[in-house]
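So the structure is just underneath, and the comments pick up after that.
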Ligand SMILES: [Zn+2]
């Protein structure tokens, strides 16, 4: 199957079941519209981030509030407005959500070790009333990270004036 027929099938399928746009798609479209380019979930990176932005050395995860236990404190594991843990099979759900949260943390730790920044976007932050604000703030964060990375590498100020006057002497 070639790429364009796959694309058409995806298009038809998403038209059939489109009740609402998937949160990851909202982020992709929103960033694309702001001129930010990315790759889709990169299989070789820990946690398969939803968006991989090489230029910004950043991975973005778009998390469902229930599955990833938004605002749920790991040592308490109590329901929150975002994540209502069912009373039926309560222990099962607590264990499951706790595991997901631990995995998220572990994967982001690995990515950080590999030199990636991570941004987590929560489903509730993409509600129509909050969406634009959230996308703006992601774009702002990305630009900030980019500047931070690039300024840190290229600019180093000499500590004393003598060093400015004798640059040749310092080079071996
Ligand atoms: Zn939430």
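Restricting attention to region 123-139, and to residues there that are over 21 Å from residue 54 (Cα atoms) and buried (at least 19 other Cβ atoms within 10 Å of the Cβ), which single residue is farthest from the ligand (Cβ to nearest atom)?
126
Take residue 71 and decide whether it is surrounded by fewer than 17 Cβ atoms within 10 Å (Cβ to Cβ), modelled with pLDDT of 95 or more and more than 16 Å from the ligand (Cβ to nearest atom).
Details: surrounded by fewer than 17 Cβ atoms within 10 Å (Cβ to Cβ): yes; modelled with pLDDT of 95 or more: yes; more than 16 Å from the ligand (Cβ to nearest atom): no.
Judged against the criteria, residue 71 is not a match.
Scanning for something on the phi < 0 side of the Ramachandran plot and either within 14 Å of the ligand (Cβ to nearest atom) or assigned to a helix (DSSP H, G or I) (or both), does region 45-52 turn up at least one residue?
No, there is no match, as no residue in region 45-52 is on the phi < 0 side of the Ramachandran plot and either within 14 Å of the ligand (Cβ to nearest atom) or assigned to a helix (DSSP H, G or I) (or both).
Before we move on, is residue 39 surrounded by fewer than 19 Cβ atoms within 10 Å (Cβ to Cβ), touching a helix residue (DSSP H, G or I) at 6+ places or on another chain (Cβ under 9 Å) and modelled with pLDDT under 95?
yes
Could you grab me the full set of residues in region 53-103 that are assigned to a helix (DSSP H, G or I), out of contact with any helix residue (DSSP H, G or I) (no Cβ under 9 Å at 6 or more places or on another chain) and within 27 Å of residue 141 (Cα to Cα)?
Correct list: 54, 100, 101, 102, 103.
Of the residues that sit in region 81-94 and are under 24 Å from the mean Cα position of the chain (by Cα) and exposed (fewer than 14 other Cβ atoms within 10 Å of the Cβ), which one is farthest from the ligand (Cβ to nearest atom)?
Checked region 81-94; the qualifying residue farthest from the ligand (Cβ to nearest atom) is 84.
Across region 140-163, what is the number of residues that are more than 30 Å from residue 25 (Cα to Cα) and either surrounded by fewer than 11 Cβ atoms within 10 Å (Cβ to Cβ) or modelled with pLDDT of 95 or more (or both)?
Within region 140-163, residues that are more than 30 Å from residue 25 (Cα to Cα) and either surrounded by fewer than 11 Cβ atoms within 10 Å (Cβ to Cβ) or modelled with pLDDT of 95 or more (or both) number 11.
Can you find a residue in region 12-35 that is outside any helix (DSSP H, G or I), modelled with pLDDT of 85 or more, over 11 Å from the mean Cα position of the chain (by Cα) and closer than 16 Å to residue 117 by Cα?
Narrowing region 12-35 to residues outside any helix (DSSP H, G or I): 17-22, 34-35.
With modelled with pLDDT of 85 or more added as a condition, the list becomes 22, 34-35.
If we keep only those that are over 11 Å from the mean Cα position of the chain (by Cα) too, we end up with 22, 34-35.
Going one step further and asking which of them are closer than 16 Å to residue 117 by Cα, we end up with none.
No, there is no match, as no residue in region 12-35 is outside any helix (DSSP H, G or I), modelled with pLDDT of 85 or more, over 11 Å from the mean Cα position of the chain (by Cα) and closer than 16 Å to residue 117 by Cα.
The values are calculated or read from the model by the stated rules, or taken from the named source; none is laboratory data. Since we're looking at a predicted model, the values are computed, not measured. All Cβ positions, even for glycine, are placed from backbone atoms using ideal geometry, and neighbour counts span all protein chains on display.
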